[in-house]
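Below is one structure, written out as structure tokens; the observations come after it.
The values are calculated or read from the model by the stated rules, or taken from the named source; none is laboratory data. Values in this document were obtained by computation on a predicted structure and should not be read as measured data. Cβ atoms come from the backbone with ideal geometry, glycine included; neighbour counts cover every protein chain shown.
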Amino acid sequence: MAVEIQPEKAREPGGREPGGPRPARPWWMRPAVHTGLIGAVLGYLVGHWLGNFLAGGYSQVANSGQNDMAIVLGYLLGTVGWLAGLGVFNDLLRAMAGRPVRTVEEEEAAAAGGLARYFRYSLDHKVVGLQYLVGMIAYFLTGGLFAMAIRTELLSPTYHTLNANAYLMVVGEHGTMMIMMMSSIILGPFGNYFVPIMIGSKRVAFPRIEALSFWITPAAFIVLLSGVLFGGFPTGWTGYAPLSIQATQGQDAYAVAFGLMGLSLILAGFNIIATIICCRAPGMRWSRLPIFVWSMFTTALLMVLAAPVLVGGMYMLITDRTVQTAFFTEDLGGSNYLYENLFWFFGHPEVYILALPGFGIVSEILPVFCRKPLFGYRVAAAGMIGVAILSFFVWQHHLFMSGINPDMRPLYMLTTELISIPTGFIFLVAMGTFWKAKIRFTVPMLFALGFYFNFLIGGITGVFLSDVPADTTEHGTFFSMAHFHYTIMGGLIFAFMAGVYYWLPKMMGIKLNETLGKIHFWTMFIFFNSTFLPLFAVGLLGQPRRVFEYARNLQPLNDWVSISAFLLGGSILIFLINFVWSTVIAREREEGNPWRSRGLEWQVPSPPPPGNFRYVPVVLSDPYEYGVKDAPPVADLDPPVGVVAAAYAGTEAEA
Amino acid sequence: MTAESAPAPAAPAGAAEPRHGLRIFLIWLVLSAIVDPIIWFVWGPHLPPGAMSDTAASQQVDITVMAVMSAPVILFVLIYFIYALITWRQKPGDEEDGPPIHGNARISATWIIGTAVIVLGLFVYGTVELIVPAGAGAGEGNTPIWRPSGGTPLQVQVIAQQWRFTYRYPQFGGFETTDLVLPVGREVQFNVTSLDVIHSFWAIQLAVKADANPQLNNVAYTKTLHTGSFTVRCSELCGLWHGAMFDTGRVLSVAGFQAWATRTEAQLAALTRQLPPYALTYDANSVKQLGKAFHQAGLFGAGGNYYGSQYPVSP
Amino acid sequence: MSLPVRVATLLVAFVAVVGGAVFVVVHYLLGGPPVEDFTVGHVAGQPVNIVMQTDASSSPTAVPDHPTWVSYFIKNPQTGAWVHTTLFKVPANTRVNMTILGYDGSTPIRNQVWGHVTGTIGGVAYYGGKPVTTVNGWNGPYLIQHTFAIPSIGLNVPVEAGPGTCLNGPCTSNAHSTTTFSFMTPSHSGVFRWQCFIPCGLSFLYGNGGPMSTIGYMGGNMEVVG
């Protein structure tokens, strides 16, 4: 009697049928935020124990009563635990074990909707973009609350609402939270969401790296906020050694959080660069790239090149604080200038990381609401590239007064003055686009116009600061603080708001209330200017930064500024109300192309389907061909069979 | 400011298209001609930092010059924007696109050259102003290259510590005081150093700013022109009481200063004998008496026992 | 999700965020050591007597946050109990007689200028009754343990080194030094910071971290009212 032998079916390790569906598991068993939190707590406890084990016997630890090693290792292992709990390493482990990893297409097909995927480590770039959007708004509002506390204290030079410790803590938390987190405020939400769609790609080059860059941000946020539990850090966002070595435990929160965020910047930038270079659709030549994508490209280049220096600097700061190295201590052969130079070598490209995305958004929005092509597209792109390159050559202008070698000063004054030339191209492009246009004053356009006004003032005052003799009076005062608030808040944040109002209908298929939007714009614009314009005078009249006592004759100006700041906070509250109401409660649908834009992202449904496009599009022109008679559509979304292959053959020769 | 003339777009034949470029240029010219003289003559002499010293006066002129240069730039951009937003607003019911102007090489080139000329001009001006009043009051590090010519400046050492400035006068026996007093009409050399973290010495009305770095000397020059009092504030975040780290300095007549200096030298003679000898920097480990005291107290290393008892070791 | 569920989630999230922010503000921003009030029951023209002590370290019950840090304590004028604070309130234009009991050993002074007594009435301070104008913090016979300085009014007084250290402040019975001096409070109201100028933050770089940089330990505010 023959034994019937079933033929061996090819099976994958783990018992899954090849190409078959994954076994569905309940939501609480799949890795998500809740498992991430468990991992974070476990990781922190292990790290803290390890730090006590390693450094508990140091005399420095015993005498001062604080173990920095325990805190740093706790934060770092806590972050690793957070990421592990989220399932970041799962695909890596699967690949090492020879099992099949998740794919982007599977991911997008499985998640047919629902909120759960926004709390997971998702490979869909659109999900990551929305996660970034909500996260960035939350981080911005938290930093803004600290700013309200600062202005409350500065209402009076003698009566102190906050004691000196609390004030320094608030100043440091506000500055660090804003600069750290706002570096990705546009590349995170809009870069990750729209760059693939704008270049005609169905996905990003490295979805796991992109998602990882997002999930580091809540860890960095929590680490930074936890500094409050330790009494904060006394150095402000610049973290100058040796004060940062002298500081108590809150400084560790600063160093770890900033380092983590630097890592996030590197990862996000790397992904964007690879996506833009490698994933463009056929016909998407460099000369047809939307100007927003150019800005994302240059920003990502800056992130990848500058953030490593920050991570290195923070690492050296941590070793100086924990294992008794002396990188920044003059006594033992180090130098405080080393920290200053490392920090500002990152710090200056960092502020262009904050400025360039703003340029991109407003240059993208202007043609749509002027119904004209972007004037001087090549000039705009060249300007962005010029700014990116030059930004590495100017960092010493933060150090003019610090006692650096004086003959370097004219050189850095020259490079700093020179960088204002490519920066000015943005205005040339805007003014040319306005010429004989048909300007529509929608809410995104209003914010873009606000950007130009604010950045004009910010940019011109930058020229004042770049002049070394004038910088003697202006450095380290509220003049310099007003300058960078004009360029960063007046520039970047206004551009962010423009982007939110412009692109939210596309991202969520929901329109934001227009009346509230206009109220938001006018209140934010008026109160922003009334808050920061007087601060130029306050600075020149002799109020340094980060002080809680100032000359009595400056009290009226400070009070005006504080009241304005509270009203500015109120206008941002209007934005929050508009955003939350429209997206959660009212949810008015906005399908199609409400702005009548020629951009490729507007030719797909709102929100875009999984894979963005049914077929890989063939790009036929750039998105700015307004007013051109018989202009082709920006892309052919349903190309005939064979056109794609032929188009690839064509583009290989060109781009 | 280079003139911005209207580009040559295709104006429809026979249509009376207003000369927008010319209009903008004229409005700009008139407003600049009004605003710039107001800035120069009315506002300029009252701008901070005032004219109490030669560095302050020169910086006041600098800021005025830059304001005069930037006002036309700001005006041009603003006038253009406002003009454009009013004139080329979309009329209700008009759903047409605008003319397809992709660029204009002449305009772009004019703009680029114009901004480059302004910026390079400012660079040359800034460099001259940096050299001429001996470093423009900025700290030049320990090997200054722009020094005042002729004569010996009055040496004042500014010692910054957490959270007070003290001042040493080596030419008067090296006494150390919390009072900063200067004679009028004299070139002064500030040697700024710190005993702990980075501070910054900012004499506001004298327009002198120099960071105080530990174990490093930072030299800044100025020449006092008028008597009066001035504020000194720390302008680099140095810890808890940074906001309260300020005092008031005085510029006296030459005779008044001499009287003050000799009187204070006599009053503080006993204290001066206890101080370490005047040096450009003070290292906690090399001031002999301080090292001995640390040793007696069993503390070492950067004044806080941070690095442990085996330090300093020669690196 | 249906509308009621969305509204409910929104309200819960709102309450959580606002509650968290209020907690942080009240506990971490507005919190701080208590202010010892020497203006209560003060008769114009009468001097105010303040007694403080310095300790090498404190008992964990008195100072739960950082018991290992050096600290000042102020004696409450009404109850006579030692309070862990460095904030006090005095009337304007009044003579203050300050007594500082030194329960700490000695620490080398960083800048010997702060060994010179300034701003007191008579220009002297009294160590155990004996008048002193300058103390050499580096050589004997006197070493210094801490200083009490109010820079804005030009007051600086070194506190004499103690015969021993007390490690669980506030102390009452250990051997200590006694430094007494008097000064006039300014005639206008305001908040004047005071600090110690000896870097005694052990194992903090340059000695000025930790207790030196935290209010309630080695530095605080003198609030002048009236």
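So here's what we get for this one:
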quantity	calculated
Complete set of residues in segment C:103-154 that are over 19 Å from the mean Cα position of the chain (by Cα), at the interface with chain B (Cβ under 10 Å from one of its Cβ atoms), in a loop (DSSP other than H, G, I, E, B) and among the β-branched types (Val, Ile, Thr)	C:133, C:135
Which numbered condition residue B:73 fails, given (1) at the interface with chain A (Cβ under 7 Å from one of its Cβ atoms); (2) without any contact (Cβ under 8 Å) to a residue 40 or more places away in the chain; (3) farther than 14 Å from residue A:433 by Cβ; (4) part of a helix (DSSP H, G or I)	(2)
Of residues in segment A:388-411 being among the polar types (S, T, N, Q) and assigned to a helix (DSSP H, G or I), the one surrounded by the fewest Cβ atoms within 10 Å (Cβ to Cβ)	A:396
Given (1) touching a strand residue (DSSP E or B) at 6+ places or on another chain (Cβ under 9 Å); (2) at negative phi, index of the condition residue C:139 fails	(1)
Residue among A:141, A:229, A:187 that alone is closer than 26 Å to residue A:33 by Cα, more than 21 Å from the chain's Cα centre (by Cα) and either crowded, with 24+ Cβ neighbours inside 10 Å or not charged (D, E, K, R) (or both)	A:229
Count - residues of segment B:154-197 that are farther than 25 Å from residue A:234 by Cα and either part of a strand (DSSP E or B) or not assigned by TED's automatic domain parsing to the domain that holds residue B:275 (or both)	19
Residue, farthest from the chain's Cα centre (by Cα), within segment B:38-54, restricted to residues that are outside any loop (DSSP other than H, G, I, E, B) and not β-branched (Val, Ile, Thr)	B:41
Looking only at segment B:207-261, and only at residues there that are assigned to a strand (DSSP E or B) and touching a helix residue (DSSP H, G or I) at 6+ places or on another chain (Cβ under 7 Å), the one that is farthest from the other protein chains (Cβ to nearest Cβ)	B:252
When residues of segment C:191-219 are limited to those that are within 11 Å of chain B (Cβ to nearest Cβ) and on the phi > 0 side of the Ramachandran plot, the one modelled with the highest pLDDT	C:210
Residues (surrounded by 24 or more Cβ atoms within 10 Å (Cβ to Cβ) and more than 23 Å from residue A:426 (Cβ to Cβ)) located in segment A:294-313	A:307, A:310, A:313
Residues (more than 30 Å from residue B:90 (Cα to Cα) and more than 7 Å from chain B (Cβ to nearest Cβ)) located in segment A:437-470	A:461, A:462, A:465, A:466
Matching residues in segment C:86-110 - criterion: being surrounded by 21 or more Cβ atoms within 10 Å (Cβ to Cβ), within 28 Å of residue B:160 (Cα to Cα) and not basic (Lys, Arg)	C:86, C:87, C:88, C:100, C:102, C:104, C:106, C:107, C:108, C:109
Options B:140, B:176, B:96, B:129: the member that is out of contact with any strand residue (DSSP E or B) (no Cβ under 8 Å at 6 or more places or on another chain) and in contact (Cβ under 8 Å) with a residue 60 or more places away in the chain	B:129
Subset tally (residues that are within 14 Å of chain B (Cβ to nearest Cβ) and touching a Leu at 6+ places or on another chain (Cβ under 9 Å)) for segment A:597-625	3
Test for residue A:373: is it of a type outside the set (Gly, Ala, Ser), within 10 Å of chain B (Cβ to nearest Cβ) and in contact (Cβ under 8 Å) with a residue 60 or more places away in the chain	yes
Any hit, segment A:546-562, residues being touching a Phe, Trp or Tyr at 6+ places or on another chain (Cβ under 6 Å), at pLDDT 95 or above and part of a helix (DSSP H, G or I)	no
Condition check for residue A:575: touching a residue at least 12 places away in the same chain (Cβ under 8 Å), under 30 Å from residue A:104 (Cβ atoms) and either out of contact with any helix residue (DSSP H, G or I) (no Cβ under 9 Å at 6 or more places or on another chain) or part of a helix (DSSP H, G or I) (or both)	no
Any hit, segment A:528-548, residues being within 14 Å of chain B (Cβ to nearest Cβ) and under 30 Å from residue A:194 (Cα atoms)	no
Test: residue A:488 is crowded, with 18+ Cβ neighbours inside 10 Å, assigned to a helix (DSSP H, G or I) and either more than 14 Å from chain B (Cβ to nearest Cβ) or charged (D, E, K, R) (or both)	yes
Yes/no for residue C:41 being part of a loop (DSSP other than H, G, I, E, B) and either in contact (Cβ under 8 Å) with a residue 40 or more places away in the chain or charged (D, E, K, R) (or both)	no
Odd one out for residue A:203 among (1) in a helix (DSSP H, G or I); (2) under 25 Å from the mean Cα position of the chain (by Cα)	(1)
Single residue of A:350, A:340 found to be within 9 Å of chain B (Cβ to nearest Cβ) and buried (at least 24 other Cβ atoms within 10 Å of the Cβ)	A:340
Failed condition for residue A:279, given (1) at pLDDT below 95; (2) crowded, with 23+ Cβ neighbours inside 10 Å; (3) out of contact with any strand residue (DSSP E or B) (no Cβ under 7 Å at 6 or more places or on another chain)	(2)
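Rundown of residues vs (1) over 19 Å from residue A:35 (Cα atoms); (2) not in a loop (DSSP other than H, G, I, E, B), yes/no style:
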position	(1), (2)
A:75	no, yes
A:78	no, yes
A:82	no, yes
A:88	no, no
A:96	yes, yes
A:108	yes, yes
A:118	no, yes
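Let's see how each residue does on (1) of a type outside the set (A, V, I, L, M); (2) at positive phi; (3) at the interface with chain A (Cβ under 10 Å from one of its Cβ atoms):
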position	(1), (2), (3)
B:108	yes, no, yes
B:115	yes, no, yes
B:128	no, no, yes
B:134	no, yes, no
B:139	yes, no, yes
B:148	yes, no, no
B:159	no, no, no
B:162	yes, no, yes
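Yes/no per residue for (1) surrounded by fewer than 24 Cβ atoms within 10 Å (Cβ to Cβ); (2) farther than 27 Å from residue B:259 by Cβ:
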{"residue": "B:120", "(1), (2)": "yes, yes"}
{"residue": "B:124", "(1), (2)": "yes, yes"}
{"residue": "B:129", "(1), (2)": "yes, yes"}
{"residue": "B:149", "(1), (2)": "yes, yes"}
{"residue": "B:184", "(1), (2)": "yes, no"}
{"residue": "B:187", "(1), (2)": "yes, no"}
{"residue": "B:221", "(1), (2)": "no, no"}
